[in-house]
Each structure stands twice: as C-alpha cells, then as structure tokens.
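The values are calculated or read from the model by the stated rules, or taken from the named source; none is laboratory data. In this text the structure is predicted, and so the values were computed from the model without any measurement. Quick reminder, even Gly has a Cβ in these numbers, built from the backbone with ideal geometry, and neighbours come from all protein chains shown. With ligands, DNA and RNA removed, areas are computed over all heavy atoms of the protein, side chains included. Shrake-Rupley method; radii C 1.70, N 1.55, O 1.52, S 1.80 Å.
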Amino acid sequence: MYKPFSQACENNKEPIRATLSAYIQEPSSLLEIGSGTGQHGDYMSQHFRELTWMTSDVVENLPGIQAWVEDANRDNFISPMEMNINNAEWKQAPVNYIFSANTAHIMHWEEVEKMFQFAASCLTNQGMFFLYGPFNYEGKFTSESNARFNVWLKEQAPHRAIRDFESVCKLANSVGLDLVKDHPMPANNRLLVWQFCP
C-alpha cells in the first residue's frame with residue numbers, strides 16, 4: 001500500500017497537536033480542509049480518540065489519504081471526501097472544529113475567501129477554525145526563509161503567496177469568525193485560531 005509522506009507534516013505534527021489540545025474538547029467532530037498526504041489525520045486521531053477527524057481534498061489526493069486511513073484502521077479517522085473549495089457545500093451535521101494546514105498560500109485569494117465562507121457554513125455556534133501556515137505581518141516577511149519560500153511559491157504559480165495576517169483576519173471577521181489567538185509555531189509558521197460567533 002503506497003502511503004504518501006511529507007517531512008514537513010512529520011516535523012510539525014506534534015507542535016500542532018500540543019496547540020490544538022488547549023482547544024479541542026471531546027467527544028467532538030473536526031473537518032480537515034486539504035488533508036494532503038493524510039498524515040495529520042493519522043497522528044491527531046491517535047491522540048484525540050473521541051474526536052472524529054474527517055478528511056477531504058481534491059480528487060487526485062484521495063487515494064493517498066485513503067491509504068493512511070486504511071492502514072490506521074481507526075474508527076475516528078474517516079475516509080476522505082472529495083472537496084473542491086470553489087463549489088464545496090456542507091450537507092452533513094455541523095462540525096465543532098475545522099483545521100487546514102498549508103493551504104492558504106497555495107490557493108488563489110478568491111479560493112481563500114471561499115474557504116472562510118465554507119468554514120462558516122460548516123461550524124457549530126462557538127465552533128473553531130484552525131489555520132496553520134506562514135503569514136506576513138503589515139506586509140512584511142517574518143524571516144528570510146519565508147521570503148525565499150514566497151519566491152519559490154511564485155515560481156510554481158503566480159497566484160501563490162504567503163498571505164497577510166491582517167487581510168486574513170479581516171476576511172474571517174466578515175463571516176463571523178473572531179480571532180482567539182495567534183500562536184507562533186516552529187519554522188516561522190503560525191497557528192491562527194478563530195471562533196465562530198454568528
């Protein structure tokens with residue numbers, strides 16, 4: 001069984017788990033937007049045993065995520081659903097949490113807007129949205145490595161870029177998400193936490 005592997009996921013999984021542990025109350029449900037390899041879901045579902053971790057991604061990434069789900073064979077680690085954020089609709093019961101890692105700088109800005117709108121449509125009242133990745137502050141990079149990473153992103157696709165913290169927070173506020181905390185993370189990343197207060 002081929003299981004895709006990301007060294008970045010391996011490196012950041014424990015700092016993310018430790019940060020999430022301050023917020024996640026169990027039993028509960030979480031939807032991951034852009035599950036990538038599936039590694040985050042595998043790790044988190046081991047540690048939050050009464051948290052139902054639902055995975056999602058574009059169709060080409062589903063087999064790799066499914067390989068992690070099948071290998072784990074864990075009731076709270078759920079097979080991936082196909083999700084294109086441009087036309088995503090949530091028809092299931094509201095979830096307590098949404099998590100997304102390293103997606104905002106890969107999406108078009110219009111897709112980032114849609115992700116926040118979609119998150120607001122999925123969450124329970126007082127539910128939380130966790131967004132992990134690099135961010136700029138007042139239009140400035142927080143490190144030389146982030147500046148180099150942004151050049152690399154632009155080389156991959158012109159629409160990609162590290163997003164501004166202020167712009168993302170303004171977008172969150174427009175859909176009823178209030179910033180709870182901005183957590184510094186290793187490797188010049190952040191974990192932003194919002195609470196849905198419609």
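Please report, in debye to the nearest 20, how large the charge dipole of the stretch 69-198 is about its Cα centre when each Lys and Arg carries +1 at its beta carbon and each Asp and Glu carries -1 there. Please list the in-between numbers first.
On the way: 11 positive and 15 negative charges, 48 e Å.
Dipole size: approximately 220 debye.
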- Message: Compute a Gaussian network model of the chain, connecting alpha carbons closer than 10 Å, and tell me which residue from Gly41, Gly64, Gly139 fluctuates the most.
- Response: Gly139
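All other residues with a Cβ under 12 Å from the Cβ of Tyr43 taken together, and with Lys, Arg as +1 and Asp, Glu as -1, what is their net charge?
Numbers: positive: Lys13, Arg17, Arg74; negative: Glu10, Glu14, Glu32, Asp42.
In short, -1.
When ligands, DNA and RNA are left out and all protein chains stay put, how many square angstrom of accessible area per residue does the chain have with a 1.4 Å probe? Don't skip to the end; give the middle numbers.
Numbers: 9530 Å² over 198 residues.
That works out to 48 Å² per residue.
Within the set Lys13/Lys154; Lys91/Lys170; Lys3/Lys181; Lys114/Lys154; Lys13/Lys140, which residue pairs have Cα atoms separated by over 30 Å? It would help to have the intermediate numbers written out before the result.
Numbers: Lys13/Lys154 26 Å; Lys91/Lys170 26 Å; Lys3/Lys181 34 Å; Lys114/Lys154 21 Å; Lys13/Lys140 26 Å.
Check vs 30 Å cut-off fails for Lys3/Lys181.
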- Task: Go through the stretch 83-169 and name the GluC sites (Glu not before Pro) that are in a DSSP coil and have 15 or fewer other Cβ atoms within 10 Å of their Cβ.
- Result: Glu89, Glu138
- Counting only backbone N atoms under 19 Å from a point 7 Å out along Cα-to-Cβ of Arg17, the residues of the stretch 110-137 in range are 130-133
- Sites matching chymotrypsin sites (Phe, Trp or Tyr not before Pro) across the stretch 97-146 that sit in DSSP coil, with at most 14 neighbouring C-beta atoms within 10 Å: none
- Item | Between the stretch 31-89 and the stretch 116-181, the alpha-carbon center distance in angstrom | 21
- Whether the chain is rounded, prolate or oblate, judged on the alpha carbon gyration tensor where a/c under 1.5 counts as rounded: rounded
- Item | Farthest toward positive dipole pole in the stretch 55-120 [+1 Lys/Arg, -1 Asp/Glu at C-beta], among Met107, Phe118, Val69 | Phe118
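Rounded to the nearest 5, what is the percent of antiparallel bridges among the DSSP beta bridges in the chain? Don't skip to the end; give the middle numbers.
Numbers: 15 of 34 bridges.
Bridges in the chain that DSSP calls antiparallel: roughly 45 percent.
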- Hull surface over four for the Cα convex hull of the stretch 58-147, reported in nm², is 7.9
- Quick one: pull the percent of accessible area on the chain belonging to carbon and sulfur, 1.4 Å probe, ligands and nucleic acids left out. 48
- P(r) for the stretch 1-83: what percent of alpha-carbon pairs falls in each 10 Å bin, starting at zero? 20, 55, 25, 1
